Amino acid sequence: MNKKILLAIIVLVLVLAIGTYYFIFRADSKSEENENLQDNGNENNIQTEDEQASDEGDEIVPEIAKGKPAPDFTLMDLNGQEVSLSDFRGKYVLINFWATLCSYCKIEMPDLQRIYDENEDLIVLAVNVQEEKGIVDSYIRHNGYDFPVVLDEDGKVANTYLVSGFPVSYFVDKEGILLGGVPGMMTYDQMVKILNDIRK
């Protein structure tokens, strides 16, 4: 194969890989608010993305950006009741996008329950993405989790929050402002550190 063509292919692959990462999770470098959430030595840095267009090309997905209001949503919980993100104003919210088939989600869940139990000013809002209610309900009950769980049946909320894999978590402050997102599984210690940082 021609060396120039091979080099061009390698460069294209690298550009696509880097571009995909920044498309999903790009730090808002202009905002210094909650700067202490940034930890350059941690691969789970708090990061978010600006306004995105949907697959249709003409419909604009609600803007998602650090330091701006987190896009509100209303979904049904496992008891058939409507739950909105805005219901939890006055508390910090950890929005966790997950699925029962995700092994890292299963590892992370006990730590989500622990941090939920230990902090009265924090709500863990688990958003299950595109799974049947019966499967989700059975999993939650079997494991004894009691934080709020809602069903994103069509994946629209996950799309709004630029979720491309599981788990993904977002932190929202007491006024409903998006503080940032963490791609991938968090440990209990990481959750505690972020929560303590955003309280300062």
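Where a number appears in this text, it was derived from the coordinates with a stated rule and is not lab data. Just so you know, these numbers come straight off a predicted model, no measurement behind them. Note that each Cβ is placed from the backbone with ideal geometry, even for glycine, and that neighbours are counted across all protein chains shown.
With R₀ set to 22 Å, the beta-carbon distance separating E153 from K91 gives a calculated FRET efficiency near 0.30. For the set K68/K106; K156/K193; K133/K193; K133/K174; K66/K156; K68/K174, the pairs lying more than 24 angstrom apart at their alpha carbons are K68/K106; K156/K193; K133/K193; K133/K174. A Förster radius of 30 Å, combined with the Cβ-Cβ distance separating E131 from E175, puts the computed FRET efficiency at roughly 0.45. Among residues other than C102 with Cβ under 13 Å from its Cβ, the summed charge is -1 (Lys and Arg +1, Asp and Glu -1). Rounded to the nearest 20, the Cβ-based charge dipole of the range 155-200 about its Cα centre (Lys and Arg +1, Asp and Glu -1) stands at 40 debye.
Ordering T100, T160, T74 from the fewest to the most neighbouring beta carbons within 10 Å gives T74, T100, T160.
Per-residue extension of 0.36 nm, minus the Cα-Cα distance of Q81 and R114, leaves a gain of 9.5 nm for this segment.
Each of D72 and R141 was given a label point 7 Å from its Cα along the Cα-to-Cβ line. The distance between the two points is 3.2 nm.
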